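Down below is the structure, laid out as structure tokens.
The values are calculated or read from the model by the stated rules, or taken from the named source; none is laboratory data. Predicted, not measured: the structure shown is a model, and the values here were computed from it. For neighbour counting, all protein chains shown are included, and Cβ atoms are generated from backbone atoms with ideal geometry for every residue, glycine included. These accessible areas exclude ligands, DNA and RNA; they are computed on the full protein's heavy atoms, side chains included. Shrake-Rupley method; radii C 1.70, N 1.55, O 1.52, S 1.80 Å.
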Amino acid sequence: MIAFLKGYIEEKKEGIVTLDVQGVGYRVEISSITQEQLESAGSEVKLLTYHHITDSDERLFGFFSTDEKALFEKLITVKGVGPKLGLTILSGLPADQLIGAITGSDAATLSKVPGIGKKTAERIIVELKDKLAEYAVSAGVTPTGSKEAGVTGEAISALESLGFKKKESEQAVLKAIKDTGSDDASVVIKKALASLNK
């Protein structure tokens with residue numbers, strides 16, 4: 001089992017990176033989340049990997065963070081969700097929105113991901129809701145479908161319109177909600193802005 005790969009980026013294209021690990025080229029499938037974190041060809045990188053082996057195939061899936069890999073491994077325990085679809089799900093929704101949708105039983109949001117129908121979305125919720133509930137609390141993720149979820153989305157959009165990147169906006173907003181305990185979007189935006197402008 002290959003747990004991780006550390007090497008140089010030989011080639012990077014959508015959904016795939018080729019790593020040169022001491023002269024051996026590894027083709028690793030990645031999500032858009034990991035792709036955004038990777039630098040250009042020639043840079044050194046360490047990717048956590050999931051080694052998928054079947055009778056007819058062997059594939060490597062790579063992750064920039066332990067959280068993303070853990071979420072992927074949970075997703076593929078669901079009947080009907082293979083590694084390829086697991087990666088598509090991770091690429092289709094930011095991790096906090098994905099966890100929020102699952103813990104908040106929000107099948108409509110999950111169904112927006114290409115390749116996920118209503119039945120698969122509901123199966124994912126049934127099988128993973130309890131498993132992800134504790135993680136969601138520790139990560140400060142709000143289940144979607146609740147009032148707070150609307151505030152989260154509104155605040156993130158506001159920060160993005162001010163030119164902040166999606167990832168930093170999400171982190172600042174979740175922290176602001178945690179710190180203020182408020183469900184007033186203007187209070188949350190103000191607090192998040194203060195932390196981003198430090």
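Here's a check for you: in region 22-34, which residue that is surrounded by 14 or more Cβ atoms within 10 Å (Cβ to Cβ) and modelled with pLDDT of 90 or more is nearest to residue 121 (Cα to Cα)?
Among them, the one singled out is 31.
Quick one: count up the residues across region 61-72 that are surrounded by 20 or more Cβ atoms within 10 Å (Cβ to Cβ) and of a type in the set (A, V, I, L, M).
Residues flagged as surrounded by 20 or more Cβ atoms within 10 Å (Cβ to Cβ) and of a type in the set (A, V, I, L, M) within region 61-72 amount to 1.
I need the full set of residues from region 89-119 which are open to solvent by 30 Å² or more (accessible area, probe 1.4 Å) and among the polar types (S, T, N, Q), in order please.
91, 97, 105, 111
Could you list all residues from region 73-88 that are in a helix (DSSP H, G or I) and open to solvent by 40 Å² or more (accessible area, probe 1.4 Å)?
Correct list: 73, 74, 84, 88.
Within region 46-60, how many residues are farther than 21 Å from residue 132 by Cβ and surrounded by 14 or more Cβ atoms within 10 Å (Cβ to Cβ)?
Number satisfying all stated conditions: 5.
Limited to region 89-122, what total is found for residues that are part of a helix (DSSP H, G or I) and either charged (D, E, K, R) or at positive phi (or both)?
4
Looking only at region 148-198, which residues are closer than 27 Å to residue 32 by Cβ and not in a helix (DSSP H, G or I)?
Those that are closer than 27 Å to residue 32 by Cβ and not in a helix (DSSP H, G or I): 162, 163, 164, 165.
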